[in-house]
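For reference, the structure discussed in these notes is given below.
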Amino acid sequence: MNKIIIYSTALFFLTLIHAQDLEISEFNWGEIRKSIDDEKISASELAELLEIANEYGFHSDICELSDLILSKDNYKNNPHILNELGTSAFNTGHQGDSAILFKKALAVYPGFPEAHANLGVIYRIKGEYETALEHLKFAIDNLPPNATLFYNISICYERLNMLEEAENNLRKTIEIDNKFKDAYKTLAYLLISQDKDEEALNVLRVYSGLVGGKDEDALMLIKQLSD
């Protein structure tokens with residue numbers, strides 16, 4: 001795969017990346033900051049640039065541009081930009097800031113499924129499971145099948161002691177992604193709590209295989225359930 005440096009925010013470069021499957025080695029953040037400050041890049045181009053930068057893990061660099069971006073009338077009310085800024089804030093450990101940004105995105109675009117998904121995860125982490133479910137279910141209904149979303153929903157149901165719903169969503173998670181390690185482990189423990197030991201044993205064996213037998217607790221459980 002060819003590597004390139006992003007020196008410009010021009011849409012040409014963004015299109016080229018997608019068309020030729022190029023790998024970004026770095027961004028020229030000084031040039032990008034100048035383009036944002038002078039508002040020489042459109043809101044849609046900036047949103048796409050931020051999305052790509054988030055995909056490549058440049059979360060801290062995006063956060064350093066956040067105040068500048070939000071000071072510009074052309075950008076501050078764009079829901080896609082707000083969602084990407086929220087994503088970078090979340091990935092740098094600023095959950096409070098990310099929640100504010102996701103809420104702003106939804107205030108502009110109430111039907112924005114990605115922002116609902118992101119906000120739902122934050123509410124799950126905060127332990128506000130019913131509110132989390134509202135957002136996550138909206139995202140599920142309006143996005144392509146997504147294993148991570150179903151897994152987050154299952155965790156909410158498990159915390160609310162709605163075990164059947166939790167189990168169903170864990171199975172959906174695995175149906176979409178049959179290598180989702182945490183889903184297998186969570187499902188196994190959920191089955192054990194319901195005295196479904198035989199099925200739990202089978203699930204644990206799959207999980208142990210996926211992690212290369214490196215989970216000692218899982219190996220111990222497999223031994224106990226096999227005896």
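The values are calculated or read from the model by the stated rules, or taken from the named source; none is laboratory data. Note that the coordinates shown come from a computational prediction; the quantities given were computed from them, not determined experimentally. Please note: Cβ atoms are built from the backbone with ideal geometry, for glycine as well, and neighbour counts cover all protein chains shown.
Residues of the range 57-73 that are assigned to a helix (DSSP H, G or I) and among the polar types (S, T, N, Q): Ser60, Ser66. Of the candidates Ala117, Ala107, the single residue that is under 18 Å from Leu85 (Cβ atoms), of a type in the set (A, V, I, L, M, F, W, C) and within 13 Å of the chain's Cα centre (by Cα) is Ala117. Only one of the numbered conditions (1) modelled with pLDDT under 95; (2) assigned to a helix (DSSP H, G or I); (3) over 24 Å from Ile125 (Cβ atoms) is not met by Asn54, and that is (3). Consider the range 187-227 and keep the residues that are among the basic types (Lys, Arg) and in a helix (DSSP H, G or I). The one that is surrounded by the most Cβ atoms within 10 Å (Cβ to Cβ) is Arg205. Each residue in the range 144-159 was checked for being over 13 Å from the mean Cα position of the chain (by Cα) and assigned to a loop (DSSP other than H, G, I, E, B), and 2 pass. Among the candidates Ile100, Ile62, Ile81, Ile69, the residue that is closer than 30 Å to Thr131 by Cα, surrounded by fewer than 20 Cβ atoms within 10 Å (Cβ to Cβ) and either of a type in the set (Val, Ile, Thr) or in contact with a Cys (Cβ under 6 Å, 6 or more places away or on another chain) (or both) is uniquely Ile100. Residue check: Leu160 meets all listed conditions (1) surrounded by 15 or more Cβ atoms within 10 Å (Cβ to Cβ); (2) under 22 Å from Tyr123 (Cβ atoms) but one, namely (1).
Residue count for the range 27-51, restricted to those that are of a type in the set (D, E, K, R), more than 23 Å from the chain's Cα centre (by Cα) and part of a helix (DSSP H, G or I): 4. In the range 31-48, of all residues being within 12 Å of Asn78 (Cβ to Cβ) and among the hydrophobic types (A, V, I, L, M, F, W, C), the one that is surrounded by the most Cβ atoms within 10 Å (Cβ to Cβ) corresponds to Leu46. Are any of the residues in the range 135-148 exposed (fewer than 14 other Cβ atoms within 10 Å of the Cβ) and among the charged types (D, E, K, R)? Yes; the residues of the range 135-148 include at least one that is exposed (fewer than 14 other Cβ atoms within 10 Å of the Cβ) and among the charged types (D, E, K, R).
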